[in-house]
Amino acid sequence: MVTTPRLPSAFGLTLDDWIEWAEARGQSRFRAKQIVEWLYQKRAKSWDEMSNLPQTLREELKSAFSLDRLPVVRLTGSKDTTRKFLFRLHDGRLVETVKIPANVHFDGGQSDRITLCVSSQVGCAYDCKFCASGLAGFTRNLEVEEIVGQVMAAEEESGESVRNLVFMGMGEPLANFTRLTKAITILNAPWGLNIGARHMTVSTSGLAPQIEKLAELPIQIRLAISLHGASDEVREQIMPVNKKYPIARLFEALEVWREKKKQKITLEYILIEGVNDFLAQASLLAKRAKGLDAKVNLIPYNTVEGLPWSRPTEAQQEAFLQVLTRAGVVATLRREKGHDISAACGQLRLQQETAEGIVAVDR
Ligand code: SAH
């Protein structure tokens, strides 16, 4: 049997890449604009539909690029609830995306548009002790078209456009920096998915040098830090990355971010009973947040099967919040179950297909 090699995806190219491609073939740059219009505005499923392109060019495109979407292997939830998409990638790996419906609290406010929580890697190498995603280790980075493809598939399934996007799915987005930033270019561009930069949030476990690099990019995306501990002692117990980039180094990078972006950073703090929920941590967190003029998102821990952690009592959660608000920090505490974006995203776990079905893999 002759196997045809897999064609590169058309959804991994920016408009500049398309212009270069067209010009290398003696075509005008106008053709590139037509191509991206078919890809992202008209959502063409075949090259033949692209009726304003010359036949020869369409043939060439057909033999050079694939228009394949990410196949959905499982879809849970309904249109009005939090919905999880499980996609199969070309190499059989599985990746999850979460769609949070409109009118759910978002980033301390209300959103009237759907929010999509996108994965950036298959698995994760950072080994945060409380997180489901890293349980089975790191498999690989997602390609540009696999990041963009999650958004396209979710939009095409729901018939709504995604207006808020958070990189809080599986993986560490800043460890996949080049692909992530190229995907962001496509997601943000008016010729692409046209999602406003201020409506996109990159969440990171705290890769200081990459935060500084991201700060250099001329795009006003938002930054959220998975802090989860206000002292090195507490943080390094649950986040091994803190050994490499201790809090002082991380905050240096956050100062760079603030200087360049002039926007508020969000500090995410999962409350885990007996680990990081002491009021002394709250005071220290308040001090750090004030120094940085950051806002704080407190998230009661969502239990993960097989992990020993649990959330503190509601009274303890409220007491922790009070320390922050009394210190004048803008802070929110997620009270509604299952609706919080980071919490819903934090449940994503590496999955694998077996003859018996799809299973979550632990090691
Ligand atoms: N690697 C990135 C993005 C993925 S995690 C990061 O660390 O920010 C998305 C968010 O979900 C993070 O804040 C993470 O700490 C949180 N999270 C992970 N497991 C969780 C759980 N069981 N309950 C609540 N939030 C969780």
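The values are calculated or read from the model by the stated rules, or taken from the named source; none is laboratory data. Predicted model only: the values in this text are computed from it and were never measured. In this analysis, Cβ positions are derived from the backbone assuming ideal geometry, glycine residues included, and neighbour counts consider all displayed protein chains. Accessible surface areas use protein heavy atoms only, side chains included; no ligands, DNA or RNA. Shrake-Rupley method; radii C 1.70, N 1.55, O 1.52, S 1.80 Å.
Data overview
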{"read-out": "Helix 314-326 vs. the chain, principal-axis angle (Cα, 0 to 90°, nearest 10)", "value": "90 degrees"}
{"read-out": "Most to least accessible of VAL122, VAL323 (protein chains only, probe 1.4 Å)", "value": "VAL323, VAL122"}
{"read-out": "CD proxy at 222 nm, helix term only [per DSSP H run n ≥ 4: -39500 (n - 2.57); per residue of the chain; nearest 500]", "value": "-10000 deg cm²/dmol"}
{"read-out": "Protection proxy ranking, peptides 167-176, 276-285, 347-356, average beta carbon neighbours within 10 Å, highest first", "value": "167-176, 276-285, 347-356"}
{"read-out": "Computed accessible area, SER203, all protein chains, 1.4 angstrom probe, square angstrom", "value": "10 Å²"}
{"read-out": "Length gained when the stretch LYS290-VAL72 is fully extended (0.36 nm per residue, less Cα-Cα span)", "value": "74.1 nm"}
{"read-out": "Residue-level accessible surface for THR178, protein heavy atoms, 1.4 Å, Å²", "value": "110 Å²"}
{"read-out": "On Cα atoms only, tilt of 15-24 relative to the major axis of the chain in degrees", "value": "30 degrees"}
{"read-out": "Carbon + sulfur, % of accessible area of region 216-363 - ligands and nucleic acids excluded, 1.4 Å", "value": "51 percent"}
{"read-out": "Å² per residue, accessible surface of the chain at 1.4 Å", "value": "44 Å²"}
{"read-out": "C-alpha long axis of helix 55-64 to longest principal axis of the chain, angle in °", "value": "50 degrees"}
{"read-out": "Choice from PRO218, PRO101, PRO240 with maximal GNM fluctuation in the chain (Cα, 10 Å cutoff)", "value": "PRO218"}
{"read-out": "Electrostatic dipole magnitude of region 10-64 [Cβ: Lys, Arg +1; Asp, Glu -1; Cα centre; debye, to 20]", "value": "180 debye"}
{"read-out": "With DNA, RNA and ligands ignored, accessible area of GLU23 (1.4 Å probe; Å², nearest 10)", "value": "100 Å²"}
{"read-out": "Sequence of GLU318, GLU273 when ordered by accessible area, the most exposed leading, probe 1.4 angstrom", "value": "GLU273, GLU318"}
{"read-out": "Listed residue pairs exceeding 30 Å between alpha carbons, taken from LYS213/LYS295; LYS99/LYS129; LYS244/LYS287; LYS84/LYS129; LYS244/LYS290; LYS42/LYS213", "value": "LYS42/LYS213"}
{"read-out": "Relative contact order (percent, whole number), the chain, Cα cutoff 8 Å, 6+ residue spacing", "value": "15 percent"}
{"read-out": "FRET E, pair ILE358, SER28, Förster distance 51 Å, beta-carbon r, rounded to 0.05", "value": "0.60"}
{"read-out": "Sites THR325 and GLU259, calculated FRET efficiency, Cβ-Cβ separation with R0 35 Å, nearest 0.05", "value": "0.85"}
{"read-out": "Extension reserve of the ASP80-ARG6 stretch, reckoned as 0.36 nm per residue once the Cα distance is removed", "value": "23.0 nm"}
